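Working notes, beginning with the structure itself.
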Amino acid sequence: KPDGKKIYDTACMACHATGAAGAPKLGDKAAWGPRLKTGMDALYASSIKGKGAMPAKGGSSLPDADVRAAVDYMAAAAK
């Protein structure tokens, strides 16, 4: 199983640790709340396809399973 934290640390942290381009910060319950309400399938889809300023897969070439693992890690940190 992919390591969500490791993937976050290498591919997602640049924007999600700083809030760059409006990215919801890791652990920011207020920013993540409305996103979590859309459901995990919606979060996976927007992460894989891209949304707003975030390019598809955050600009990485990661496999979909790795992107989902990173989304799971970030979602868990915001609950």
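The values are calculated or read from the model by the stated rules, or taken from the named source; none is laboratory data. Just so it is clear, the structure is predicted and the values come from calculations on it, not from any experiment. Cβ atoms come from the backbone with ideal geometry, glycine included; neighbour counts cover every protein chain shown. Remember, those area values only see protein heavy atoms, side chains included, never the ligands or the DNA or RNA. Shrake-Rupley method; radii C 1.70, N 1.55, O 1.52, S 1.80 Å.
What the table below lists for this structure:
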item: Positions within the stretch 47-57 being part of a helix (DSSP H, G or I) and more than 12 Å from ALA75 (Cβ to Cβ), in sequence order; result: ILE48, LYS49, ALA56, LYS57
item: Condition broken by LEU62, with the remaining ones in (1) in contact with a helix residue (DSSP H, G or I) (Cβ under 8 Å, 6 or more places away or on another chain); (2) outside any helix (DSSP H, G or I); (3) farther than 14 Å from GLY4 by Cβ; (4) not aromatic (Phe, Trp, Tyr) satisfied; result: (3)
item: Test: GLY52 is over 11 Å from the mean Cα position of the chain (by Cα), touching a residue at least 24 places away in the same chain (Cβ under 8 Å) and open to solvent by less than 30 Å² (accessible area, probe 1.4 Å); result: no
item: Residue that is farthest from CYS12 (Cα to Cα) [pool: residues in the stretch 52-79 that are modelled with pLDDT of 95 or more and among the charged types (D, E, K, R)]; result: ASP64
item: Matching residues, the stretch 15-44, being in a helix (DSSP H, G or I) and exposed (fewer than 11 other Cβ atoms within 10 Å of the Cβ); result: ALA21, GLY22, ALA30, PRO34, LYS37, ASP41
item: Pairs with Cβ under 9 Å, 6+ apart, first in the stretch 17-30 and free of Cβ contacts under 8 Å to residues at least 40 places away in the same chain, second open to solvent by less than 50 Å² (accessible area, probe 1.4 Å) and among the polar types (S, T, N, Q); result: none
item: Which numbered condition LYS5 fails, given (1) in contact (Cβ under 8 Å) with a residue 60 or more places away in the chain; (2) open to solvent by less than 60 Å² (accessible area, probe 1.4 Å); result: (2)
